[in-house]
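First comes the structure, then the notes that go with it.
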Amino acid sequence: MANLKINGKTINVDVEPDTPLLWAIRENVGLTGTKYGCGIAQCGACTVHLDGVATRSCVTPLSAVSADQQIVTIEGLGVPEAMHPMQRAFVQHDAYQCGYCTPGQVCSAVAMLEELKQGMPSQLTADVSAHRIPITRAELRERMSGNLCRCGAYDGIVEAIVATCEEDVA
């Protein structure tokens, strides 16, 4: 038995401690927006936020999630009647084809922009000591490289992220 805070609600799930967070979310809670892709944290389809950090739920056992941590799934970011700006941008910029990877892409993009705001460098960041990291399309692509899209909607994904950025993107 575990207590989870998912999308602002405390939910009790009766599962083994080694159950991946993904399966608790999908099978026990019934939130099916989070997808199973590879099962080894390589594709990003299962990405959720754990205390605001993009987390691969397919390899995160429930025993690693404390009862006071906040889990946010794609359903917690927004719903069709009240979409998160990133969700809206994905629709406006055709940042999906089949849509399977879209929930993980959106969750990753939202967390990635927060990392940028906090000044967290990536592999492409030229000056890791800089207070403000210049946002470029190359920087965005690098930061999103852990999320795979089998349909190849990468250009639309980058454009959706650019449209959601508060700063100008070079």
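What strands (runs of 3 or more DSSP E) lie completely within the range 20-80 and have 2 or more residues being outside the structural domain of LEU113 (by TED's automatic domain parsing) and either in contact with an Asp or Glu (Cβ under 9 Å, 6 or more places away or on another chain) or small (Gly, Ala, Ser) (or both)?
It comes to 53-56, 70-72.
Can you pull out the residues in the range 23-42 that are surrounded by 21 or more Cβ atoms within 10 Å (Cβ to Cβ) and of a type in the set (Val, Ile, Thr)?
ILE25, THR34, listed by residue number.
Does the range 112-129 contain at least one residue that is in a loop (DSSP other than H, G, I, E, B) and within 19 Å of VAL72 (Cα to Cα)?
Scanning the range 112-129 turns up no residue that is in a loop (DSSP other than H, G, I, E, B) and within 19 Å of VAL72 (Cα to Cα).
Is one or more of the residues making up the range 43-61 surrounded by fewer than 20 Cβ atoms within 10 Å (Cβ to Cβ) and of a type in the set (Lys, Arg)?
There is no residue in the range 43-61 that is surrounded by fewer than 20 Cβ atoms within 10 Å (Cβ to Cβ) and of a type in the set (Lys, Arg).
Identify, from the list PRO103, PRO121, the residue that is more than 26 Å from PRO134 (Cβ to Cβ) and either touching a Phe, Trp or Tyr at 6+ places or on another chain (Cβ under 6 Å) or in the same structural domain as ILE157 (by TED's automatic domain parsing) (or both).
When all the criteria are applied, what remains is PRO103.
Report yes if some residue within the range 38-46 is more than 19 Å from LEU140 (Cβ to Cβ) and in contact with a strand residue (DSSP E or B) (Cβ under 7 Å, 6 or more places away or on another chain); otherwise report no.
Within the range 38-46 (the criterion being more than 19 Å from LEU140 (Cβ to Cβ) and in contact with a strand residue (DSSP E or B) (Cβ under 7 Å, 6 or more places away or on another chain)), the answer is yes, since at least one residue qualifies.
Of everything in the range 95-106, what is among the small types (Gly, Ala, Ser) and either assigned to a helix (DSSP H, G or I) or within 8 Å of the chain's Cα centre (by Cα) (or both)? Give them in sequence order.
The one that is among the small types (Gly, Ala, Ser) and either assigned to a helix (DSSP H, G or I) or within 8 Å of the chain's Cα centre (by Cα) (or both): GLY104.
Taking the stated definitions as given, is VAL72 loosely packed, with under 13 Cβ neighbours inside 10 Å, under 16 Å from THR32 (Cβ atoms) and within 18 Å of the chain's Cα centre (by Cα)?
For VAL72, the condition - loosely packed, with under 13 Cβ neighbours inside 10 Å, under 16 Å from THR32 (Cβ atoms) and within 18 Å of the chain's Cα centre (by Cα) - is not met.
I'd like the residue in the range 9-22 that is in contact with a strand residue (DSSP E or B) (Cβ under 8 Å, 6 or more places away or on another chain) and over 23 Å from GLY39 (Cα atoms) and, out of all such residues, is surrounded by the most Cβ atoms within 10 Å (Cβ to Cβ).
Once the filter is applied, the top-ranked residue is ILE11.
Of the conditions (1) part of a loop (DSSP other than H, G, I, E, B); (2) out of contact with any Gly (no Cβ under 8 Å at 6 or more places or on another chain), ASN147 clears all except one; give me its number.
(2)
Quick check on this structure: which one of ALA138, ALA109, ALA89 is without any contact (Cβ under 8 Å) to a residue 60 or more places away in the chain, surrounded by 14 or more Cβ atoms within 10 Å (Cβ to Cβ) and part of a helix (DSSP H, G or I)?
ALA109
Just to verify a result, which residue in the range 122-133, among those that are out of contact with any Pro (no Cβ under 7 Å at 6 or more places or on another chain) and surrounded by 16 or more Cβ atoms within 10 Å (Cβ to Cβ), is farthest from GLY39 (Cα to Cα)?
Filtering first and then ranking leaves THR125.
The values are calculated or read from the model by the stated rules, or taken from the named source; none is laboratory data. In this text the structure is predicted, and so the values were computed from the model without any measurement. Using ideal geometry, Cβ is built from the backbone for each residue, glycine included, and neighbour counts are taken over all protein chains shown.
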